[in-house]
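Structure record follows, encoded as structure tokens.
Bear in mind that the values in this text are calculations on the coordinates, not laboratory data. Model, not experiment: these values are computed from the prediction. No Cβ is skipped: glycine too gets one built from the backbone with ideal geometry, and neighbour counts run over all protein chains shown.
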Amino acid sequence: MNTLGIGFVGAGWMGAAQLKVLARRTDVQVHALLEPNAERGRALLTELGLDPALLVSDYQQILDHPRVQAVWLVSPNSYHGPQSLAAMAAGKHLFCEKPCATRYADYLAQIVLERQHPALITYVDYILYFDTLEQQLRRMVSQGIFGEITQIQVNYRHPVNIAGDKAWKLKKDLMGDAIGMGINHALSAMILAMASQAKPVSVFASSQEAKVRGFEADPIWNILIRFDNGATGLCLGNIDNGNGYDAYHSLYGTAGGFVFDSQLDRPQKVRYWSTGQAEEQWVYPLDAARCQQQGLQELAWPPGATTPDSGDVIQHQLGACIEHFLECVHHGQRSPLGFTNSAVIAEVGWAAQVSAKTGQPVALPLAVDHAKRVLQEP
């Protein structure tokens, strides 16, 4: 397998975690690191056994580097749009932390540019895609275990870390909005779970200003999504405050239901029922002993099954998302989380912002000119 040359941007908490994984691989080579905090950048390179001389001071140095084939963006949110567009224009594959952009115009340009460069592989890090629970839920919905889905709720209520050098998340011009900061984790889980049955057709949303900490952008969101099969989705999001981490899932259909409560002890976190399985008993797939007692041992999930019950996304399949992107590049295969393929997730977020500003439901696909006017973008 050919070695992939990487230009890496951002050596903060998440960037450092990802770069550590890359440094251990034999199929990639880091040719440059852009990190404004030069001391931190050199220290990380030294820690990983990489040459501190790989530190660069200008993004253009990465774009111009002849051996950089892929750009890895873990910069603050507002940089994602401009940096991703420049990388694609320079012919580079792209790993981009979410959100893909904090300006609607940049989001639209990303789709256009990706379609103009079909050989480029792009990826937006909706990392919960790789969580065991999310994978199982998508499989069960697609197999019709719950029948036709009529209602689904996925929350993201988590007081994001703003300590120390993470205080940039308070600034609207750097963070963008709370949906892109973290609530889109819940939107991605909901939309992808429903994808085999239905797609979003309208969004109605409201937001509230900060109640506890000094966020310049509204950190509290209530997002109602209508799907083309008549189903309704609800996302309650809050990055300002909360009692721990709430990634509550509730799904109901014509033949069953599924509940995940991230704040319960592990054996009780997940339960589901189906008219086609287990004589309509509640199944607790993370409780192997209970499944055994019910004679349902074949429905127990493996001991290593993961659930999205921590705000520490480094524990949410970090290795799997990196492996996925690299495999897509090595094999020339588009990712389901590329700019175009995952556009509906971002579009629901933009629609929510338009709805909150106008107080009206917003139909999908978005009317581009109307969205630009409401969002006050040229």
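Name the shape class, rounded, prolate or oblate, that the alpha-carbon gyration tensor gives for region 1-110, where a ≥ b ≥ c are the square roots of its eigenvalues, rounded holds for a/c under 1.5, and otherwise prolate holds if a/b is larger than b/c and oblate otherwise.
It comes out prolate by the Cα gyration axes.
State, as an integer percentage, the relative contact order of region 128-311 based on alpha-carbon contacts under 8 Å between residues 6 or more apart.
Working: 402 pairs, mean separation 46.9, N = 184.
Value for region 128-311: 26 percent.
Roughly what would the spin-label model give for THR232 and GLN151, points 7 Å off Cα along C-beta, in nm?
0.8 nm
For the chain, what is the largest minus smallest coordinate of the Cα atoms on each principal axis, given in angstrom and ordered from greatest to least?
Result, largest extent first: 63, 48, 42 Å.
Just subtract the alpha-carbon distance of ALA38 and GLN360 from 0.36 nm times their residue separation and send over the number in nm, one decimal.
111.3 nm
Pulled fully out, how much extra length does the chain show between SER310 and THR3, if you take 0.36 nm times their separation in residues and subtract their Cα-Cα distance? Before the final figure, lay out the partial values.
Numbers: separation 307, 0.36 × 307 = 110.52 nm, distance 3.36 nm.
Taking 0.36 nm per residue and subtracting the Cα distance, the gain is 107.2 nm.
State the extension gain, in nm to one decimal, for the chain segment bounded by ARG139 and VAL212, taking 0.36 nm per residue of separation less the distance between their alpha-carbons.
On the way: separation 73, 0.36 × 73 = 26.28 nm, distance 3.88 nm.
Contour length minus Cα-Cα distance gives 22.4 nm.
Could you check the spin-label model distance between HIS331 and GLN60? Points 7 Å from the Cα along Cα→Cβ, value in nm.
Result: 3.9 nm between the two label points.
Once Lys and Arg get +1 and Asp and Glu get -1 on their Cβ, which of TYR123, GLN376, LEU34 lies farthest toward the positive end of the dipole of the chain?
Result: GLN376.
Counting only C-alpha contacts under 8 Å and six or more residues apart, can you give the relative contact order of the chain as a whole percent?
On the way: 789 pairs, mean separation 63.4, N = 378.
Contact order relative to length: 17 percent.
Taking the Cα centre of the chain as origin, sum charge times position over the Cβ atoms of Lys and Arg (+1) and Asp and Glu (-1), and report the length of that vector in debye to the nearest 20.
280 debye
Could you work out [θ]222 nm for the chain from helices alone, using -39500 (n - 2.57) per DSSP H run of at least four and dividing by all its residues? Round to the nearest 500 deg cm²/dmol.
Details: 12 runs with 122 residues, N = 378.
Mean residue ellipticity, 222 nm, calculated: -9500 deg cm²/dmol.
Along the charge dipole of the chain, pointing to its positive end and built from +1/-1 on Cβ of Lys, Arg, Asp and Glu, which listed residue (CYS328, ALA363, PHE258) has its Cα farthest out?
Among CYS328, ALA363, PHE258, the one farthest towards the positive end of the dipole of the chain is ALA363.
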